[in-house]
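*Asks:* The structure follows.
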Ligand SMILES: Nc1nc2c(ncn2[C@@H]2O[C@H](COP(=O)(O)OP(=O)(O)OP(=O)(O)O)[C@@H](O)[C@H]2O)c(=O)[nH]1
Ligand SMILES: [Mg+2]
C-alpha cells in the first residue's frame, strides 16, 4: 500500500498468482473489457507469440472515495511458466493481496500445489506468510470435463480456509465476484 498524502490517494496492489495457463490473464482481460472506461486505465498485456504472459499484465482501477481518500487498485498478473521466477518475485513485491487462480482440471493439481508453494516461499522472502496475508482462491475452468470436485480442491489447496470462488473466467463467471471478494478482504484487514 502506498499513500500519497498530497493527492489524497491510496494505492493498493493486487496480484493474480497461479500455475501457467490457469486463467490469470483471462481474468484481467474480462475485468478490463467490462469495467466502465471512466474507472479504469489502459490494459498492458505483455504476451509471447504463444499467448503466454512474459513479464506481467497490468491495469489500474479507481473506485470512489474512502474516508476522503481516493483508492486506486493496481491489478497485476504474474507469468506462470516456471522459468519466469525472477519476474514473479518482482511483480509480487509490495503486493497487498493475492488472487490465487487454480486450474480445476485434475491433471493440474500438482501444478496448483507447486504454484501455491512458490507463492508461500516468495511471501516468506518478503517477511509475509500465507497464514497472515490477505488472499483468496479462484477455482477456475469449472466448465471443463475431468475437473476435481470443490471438496477435493478445498482439502488440498484451501487449508487456511480463505474465501473461494468457482469461476469460468473465459465466460466471465465469478470474475467480478472474485475481485470484489479480494478487495473486501483487503479493506477489512487494513
Ligand atoms: N475452458 C476454459 N478455458 C479457460 C478458462 N479460463 C481461461 N481459459 C483458457 O486457458 C488458456 C490460458 O489462459 P490465460 O489467461 O492466458 O492463463 P494464464 O494463467 O495467464 O497463463 P500464463 O500467462 O502462462 O501464466 C487460454 O486459452 C484461455 O482462454 C475457463 O474458465 N475455461
Ligand atoms: Mg498470463
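*Asks:* Within segment 118-135, count every residue that is in contact with a helix residue (DSSP H, G or I) (Cβ under 8 Å, 6 or more places away or on another chain) and part of a loop (DSSP other than H, G, I, E, B).
*Replies:* Looking only at that region, the number is 4.
*Asks:* Residues in segment 40-53: is at least one closer than 24 Å to residue 109 by Cα, buried (at least 21 other Cβ atoms within 10 Å of the Cβ) and in contact (Cβ under 8 Å) with a residue 12 or more places away in the chain?
*Replies:* Of the residues in segment 40-53, the ones closer than 24 Å to residue 109 by Cα are 50-53.
From what is left, the residues that are buried (at least 21 other Cβ atoms within 10 Å of the Cβ) are 53.
So of that shortlist, the ones also in contact (Cβ under 8 Å) with a residue 12 or more places away in the chain come out as 53.
Checked against the condition, which is being closer than 24 Å to residue 109 by Cα, buried (at least 21 other Cβ atoms within 10 Å of the Cβ) and in contact (Cβ under 8 Å) with a residue 12 or more places away in the chain, segment 40-53 yields at least one hit.
*Asks:* Moving to a separate point now. Out of segment 28-43, which residues are touching a strand residue (DSSP E or B) at 6+ places or on another chain (Cβ under 6 Å) and within 12 Å of ligand 2 (Cβ to nearest atom)?
*Replies:* So in segment 28-43, the residues touching a strand residue (DSSP E or B) at 6+ places or on another chain (Cβ under 6 Å) come out as 28, 32, 39-41, 43.
Of everything in segment 28-43, just one residue is touching a strand residue (DSSP E or B) at 6+ places or on another chain (Cβ under 6 Å) and within 12 Å of ligand 2 (Cβ to nearest atom), namely 28.
*Asks:* How many residues are part of a strand (DSSP E or B) and within 16 Å of ligand 2 (Cβ to nearest atom) if we restrict to segment 136-174?
*Replies:* So the answer is 2.
*Asks:* Specify the residue that is surrounded by the most Cβ atoms within 10 Å (Cβ to Cβ); the eligible residues are those in segment 71-97 that are near ligand 1 (Cβ under 10 Å from one of its atoms) and closer than 20 Å to residue 11 by Cβ.
*Replies:* The qualifying residue surrounded by the most Cβ atoms within 10 Å (Cβ to Cβ) is 78.
*Asks:* Does residue 16 meet the test of being assigned to a strand (DSSP E or B), within 11 Å of ligand 2 (Cβ to nearest atom), within 26 Å of residue 69 (Cα to Cα) and touching a strand residue (DSSP E or B) at 6+ places or on another chain (Cβ under 8 Å)?
*Replies:* yes
Taken together, the values in this text are just the output of simple stated rules run on the coordinates, not laboratory data. As the structure is a prediction and not an experimental result, all values here were calculated from the model. Methodologically, a virtual Cβ is constructed for each residue, glycine included, from the backbone with ideal geometry; neighbour enumeration extends over all protein chains shown.
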